[in-house]
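Everything below concerns the one structure shown next.
The values are calculated or read from the model by the stated rules, or taken from the named source; none is laboratory data. None of the values given here were measured: they were computed from a predicted structure. Here Cβ is always computed from backbone atoms with ideal geometry, including for glycine, and neighbour counts include all displayed protein chains. Remember, those area values only see protein heavy atoms, side chains included, never the ligands or the DNA or RNA. Shrake-Rupley method; radii C 1.70, N 1.55, O 1.52, S 1.80 Å.
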Amino acid sequence: GLVQASRGLHTSSQCLAPMPPMPEHGGKVRHGIFPEELFQLLYPKTGVTECSNITFSLFYMLGTGLLVYLLSKEIYVINHETYAGLAMLSVIVYGVKKFGPQVAAYADQLNDEKLAKAQVVKDLTLNSMTESIENEKKEQWRTEGRSLLFDAKRNNVAMLLETNYRERLHMVTNEVKRRLDYHVALQNLKRRMEQEHMINWVEMSVVSTISPQPEKESITKCISDLKALAKTSQAKATV
Amino acid sequence: MAGKEVSIAAKALRDVKLGELGAWFGSRDMSPKGIISAICRGRDRYLNKYIYVKKGGIGGIAMILTGYVALSYVWEYDHIKHDRWRKYH
């Protein structure tokens, strides 16, 4: 079913336990059978308490009078049961007076054991609850570091992207450079070949025009020139 | 004691004056359910006062047993009458 909206949930930290703790002692009884309230009946009306000097307790007097009346009118008849009752009563009173405290101590000990067991369970539960609260708080603290984690991851991704980009940039420049180098080499080769071809052709044409006679003359002239040059250079060296 | 004015029905029996007794009696719930609830309330009051305590005394049980003895004597009185010592009192 639905939770009634009129009742607030967890409105305060304390829980309103409906059970108050058990009282220490029960109502007072006098002589085991007369509740103490009986003796307080006339106090509000007459102001007479148990300790006043006027009478040895009004109610004891009333009780005695009542007893004598019952006996004299034989409303309470004395027969064989009276004696049996008196004997039993005396035995009971003696037993209670003698063994009462021991029985009470034993019962208290039983009670204390039960309470101790319950208390142990309660303490364990409380401890485990506080531990789990602390663990929860620690987990909450840990989640605060999420932003740092994401920042680091973001940095990683950015670095990867950057690296990739730069690699590709290098690749592009290298490829372009290779192609341009190729074209440059091609041009150089073409120029060289043209040069060599032209030189060869010029040489061939020059050689073909030179006849053997002028060749000999030019060789002797070259030799005489070289000799003259050598003389001048030697002269220069000695100077 | 000028306390607050409560209706007759809300007073406990010990606070009811003699003249109001009839009115009080008439205003109580006398159906079987009411009677049984009254008996239960009385029982709970007695138990909570004398028995459900940490250190109860003999009074709790002794009063019940004494009441039982007295009640059984009252029920047997017609039979016990024949054991009387004197005829005229």
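Just one of the numbered conditions (1) in a loop (DSSP other than H, G, I, E, B); (2) exposed (fewer than 12 other Cβ atoms within 10 Å of the Cβ); (3) modelled with pLDDT under 85 is not true of B:K87: (3).
When A:A230, A:A237 are screened for being surrounded by 10 or more Cβ atoms within 10 Å (Cβ to Cβ), of a type in the set (G, A, S), at negative phi and part of a helix (DSSP H, G or I), only A:A230 passes. The residues on offer are A:T64, A:T46, A:T11, and the sole one that is at pLDDT 85 or above, over 30 Å from A:A104 (Cβ atoms), open to solvent by 60 Å² or more (accessible area, probe 1.4 Å) and more than 14 Å from chain B (Cβ to nearest Cβ) is A:T64.
Residues that are at the interface with chain B (Cβ under 10 Å from one of its Cβ atoms) and surrounded by 10 or more Cβ atoms within 10 Å (Cβ to Cβ) within the range A:67-88 comprise A:S72, A:K73, A:E74, A:I75, A:Y76, A:V77, A:I78, A:N79, A:E81, A:T82, A:G85, listed in sequence order. Does B:Y46 qualify as being among the aromatic types (F, W, Y), within 10 Å of chain A (Cβ to nearest Cβ) and over 15 Å from the mean Cα position of the chain (by Cα)? No.
If you go through the range A:129-154 and keep only what is modelled with pLDDT of 95 or more and open to solvent by less than 100 Å² (accessible area, probe 1.4 Å), you end up with A:T130, A:S132, A:I133, A:N135. Does any residue of the range A:173-195 turn out to be within 60 Å of the chain's Cα centre (by Cα) and of a type in the set (A, V, I, L, M)? Among the residues of the range A:173-195, at least one is within 60 Å of the chain's Cα centre (by Cα) and of a type in the set (A, V, I, L, M), which makes the answer yes. Considering the conditions (1) within 14 Å of chain A (Cβ to nearest Cβ); (2) open to solvent by 70 Å² or more (accessible area, probe 1.4 Å); (3) of a type in the set (A, V, I, L, M, F, W, C), B:A62 is excluded by exactly one of them, (2).
Quick check on this structure: which one of B:G57, B:G42, B:G34, B:G67 is in a loop (DSSP other than H, G, I, E, B) and under 26 Å from A:E37 (Cβ atoms)?
The conditions single out B:G57.
Restricting the first member to the range A:107-132 and to residues that are closer than 21 Å to B:Y52 by Cβ, and the second to residues that are not in a helix (DSSP H, G or I), the beta-carbon pairs closer than 9 Å and six or more apart or on different chains are A:A107/B:K55; A:A107/B:G56; A:D108/B:K54; A:D108/B:K55; A:N111/B:K54.
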